[in-house]
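This report refers to the structure that appears directly beneath it.
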Amino acid sequence: MRHTLALAGVLALTWLLWSGHTGALLLGLGLLSVAATAALARRMGLVDGEGVPLAVVRPGLITYLPWLLWQVVLSSIDVGRRVWARDPGLAPRMLHVTPTQATLTGRVLYANSITLTPGTISVMMEDDDILVHALHAEAADGLASGDMDRRVTALEGPA
Amino acid sequence: MIVEVVVGILLGLGGLACITGAVGLLRFPDVYSRMHASGVTDTLGAGLVVLGLLVWAALGDGGWATALAEGHAEAAKPGLLQSVKLVSILFFLWVSGTTAVHALAKAAWLDGLVPWTRDEEGASSTR
Amino acid sequence: MDPGRGGCVIDALIDVFLLGLLVIVAVAVGQSRNLLVAVMLTGIYSLLSASWMLVLDAPDVAYTEAAVGAGVSTVLMLGTLALTTREEKPGPALEPVPLVVALITGLVLLYGTLDMPAFGDPASPVHQHVAPHYLQRSGEEMGIQNIITSVLASYRGYDTLGETSVVLTAAVGVFALLGGRRRRGAPVPEAEAP
Amino acid sequence: MSVFAVAMVAVMVTMALALVRALRGPTIFDRILAVNSFGTATVLFISVHGYLAGRPDFLDLALVYALMNFIGTLAVLKYLHAPGLGAADLAPPGEEGP
């Protein structure tokens, strides 16, 4: 029920912010569509911890997201430099990293963070093993140092 | 005037990042490395361009922040709605781009596509 | 007020760019023997044509193109590929008669456009008849802010109802033809590789 | 607005380059990646064009595309690995398990 309510809330907020209408008729129609969508999603079995990932929303995101954003900028610039360089210096390699997060949500967040930063892409994800394609040695080393892993673990740590 | 300069810099850098990603898409040796290049377009390029548009929507001609500062709440509404949509666009581009690239890498890997590596440069046929 | 109009260089550039790419993609789709590649290229074609509709100030058509062209029709074409093969069977190299027919038809259509009113001409007949009424009064008559919606769903309600029943009939027919056979065939594969 | 024109040209160059990759392949994954990149560029094209033409009300369209592009990419990938696309959807609800 918590998830259904959260879904309905997000849907209603989206409806309101994307349309900007405040007339009674349109608000009523909007409410109707929100209710219908939430009910249908619930009936289809989409409303659970995976479909509505409430577990991702944590106070730690406030510090983690800016850090991740900065990493994305840094690695984008690095990849961009290689694109224009006469010799890109590519040495692609596959490597395995072992996530230390306890929950599945945490591991998915970690794998997605890996993919979001250019230079590393998570290819396969098993239970406690992520197969990563790294564009060059530095990207692989940066990932192997486990800095991002520690940050995501710290993010999920205190419940 | 200063707003236009800032917007111009953001849009220019964003455009440069977009082109960079696309050039990498052409130059890099195999599909896995090209994914990294397209990541530059998807993250930095899209981010900077949308950021530039956001600044314009807030502070440009008839932007919402300007309108609010002058006390025209009603005039600020379209700009605010645009900003919300721009943020949503960026959010979806980042979230869905990441997921799509991961799905693509996984599909290619499961399909048995071997990544290009430096030592088999001569043998690489993907170019 | 409308800096996008008025023969700016950038406007001409956008027009030439979009139309040029549309032609290139269309030729490439025709050339491709691999049908999966053709489907991918039609995806690009749809993206381009939606942008083109937007540039022509027809956002409603662009929405439809975005929702149908990029989303549903890709899936439908892939579904079709799943029922057939990925490679096109080689046909005859060049058929002169269809080529001539297509060329003549194209020329006649081009000739026909010469009689059309200029792009965006407010004095053209379509803007004189009932359109002003809809534009000015639909807000108070329907209470819906999107005029296209009120035209489709109310002023032209019976027409839309007819269209919808045609689409429904077609869908039911397709399901009746294809659905039953699929179900009786091989057991439904569980999603193996997750 | 010359500011937006610059971004517009950059986005168009991006689209053209992505199209070249889509035409050249060589693997199907290259083409899917190129289409995905092209889609991102189109979303930016539509967003910037709204501001260039002074009518930024059509951002919804970019929003629709940002979502549709993703669905299209996933549909193609799903087809590649389970060519019976939609087989599970056609099955009666009872057969699918929980």
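The values are calculated or read from the model by the stated rules, or taken from the named source; none is laboratory data. Quantities reported herein were computed from a predicted structural model and do not represent experimental measurements. No Cβ is skipped: glycine too gets one built from the backbone with ideal geometry, and neighbour counts run over all protein chains shown. Areas reflect the complete protein model, heavy atoms only, side chains present, ligands, DNA and RNA absent. Shrake-Rupley method; radii C 1.70, N 1.55, O 1.52, S 1.80 Å.
General remarks:
- Just so you know, in the range D:17-41 the residues that are facing chain C (nearest Cβ under 7 Å) and farther than 14 Å from B:SER38 by Cα include one that is least open to solvent (accessible area, probe 1.4 Å), and it is D:ILE28.
- Filtering A:LEU46, A:LEU27, A:LEU54 for residues that are at pLDDT below 85, of a type in the set (A, V, I, L, M) and open to solvent by 60 Å² or more (accessible area, probe 1.4 Å) leaves a single hit, A:LEU46.
- Single residue of the range A:7-46 satisfying the filter (over 25 Å from B:GLN82 (Cβ atoms) and not aliphatic (A, V, I, L, M)) that is farthest from the other protein chains (Cβ to nearest Cβ): A:ARG42
- Filter pass, B:ALA105 being within 30 Å of A:MET94 (Cα to Cα) and of a type in the set (A, V, I, L, M, F, W, C): yes
- Pairs are defined by a Cβ separation below 7 Å, a sequence spacing of at least 6 or placement on different chains, a first member in the range B:66-78 that is farther than 22 Å from B:ILE2 by Cβ, and a second member that is not in a helix (DSSP H, G or I); the pairs so defined are B:LYS77/A:GLY20.
- Within the range C:49-56, the presence of a residue that is open to solvent by less than 60 Å² (accessible area, probe 1.4 Å), in a helix (DSSP H, G or I), within 30 Å of C:PHE175 (Cβ to Cβ) and out of contact with any helix residue (DSSP H, G or I) (no Cβ under 7 Å at 6 or more places or on another chain) is excluded.
One line per residue, one yes/no per condition, for (1) open to solvent by 30 Å² or more (accessible area, probe 1.4 Å); (2) over 23 Å from B:VAL40 (Cα atoms):
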| site | (1), (2) |
| --- | --- |
| A:PRO99 | no, yes |
| A:THR117 | no, no |
| A:VAL123 | no, no |
| A:ALA139 | no, no |
| A:ALA144 | yes, no |
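- In the range B:11-29 there is at least one residue that is surrounded by fewer than 24 Cβ atoms within 10 Å (Cβ to Cβ), more than 20 Å from the chain's Cα centre (by Cα) and farther than 18 Å from D:LEU59 by Cβ.
- Each residue in the range D:31-63 was checked for being among the acidic types (Asp, Glu) and at pLDDT 90 or above, and 0 pass.
- Among residues of the range D:1-11, those that are open to solvent by 10 Å² or more (accessible area, probe 1.4 Å) and more than 7 Å from chain B (Cβ to nearest Cβ), counted: 4
- B:ASP42 being within 12 Å of another protein chain (Cβ to nearest Cβ) and outside any helix (DSSP H, G or I): no
- Looking only at the range B:74-83, and only at residues there that are open to solvent by 40 Å² or more (accessible area, probe 1.4 Å) and touching a helix residue (DSSP H, G or I) at 6+ places or on another chain (Cβ under 8 Å), the one that is farthest from the other protein chains (Cβ to nearest Cβ): B:ALA75
- Within the range A:72-82, the presence of at least one residue that is among the polar types (S, T, N, Q) and within 9 Å of chain B (Cβ to nearest Cβ) is confirmed.
- Taken over the range B:19-36, residues that are of a type in the set (D, E, K, R) and touching a helix residue (DSSP H, G or I) at 6+ places or on another chain (Cβ under 8 Å) amount to 2.
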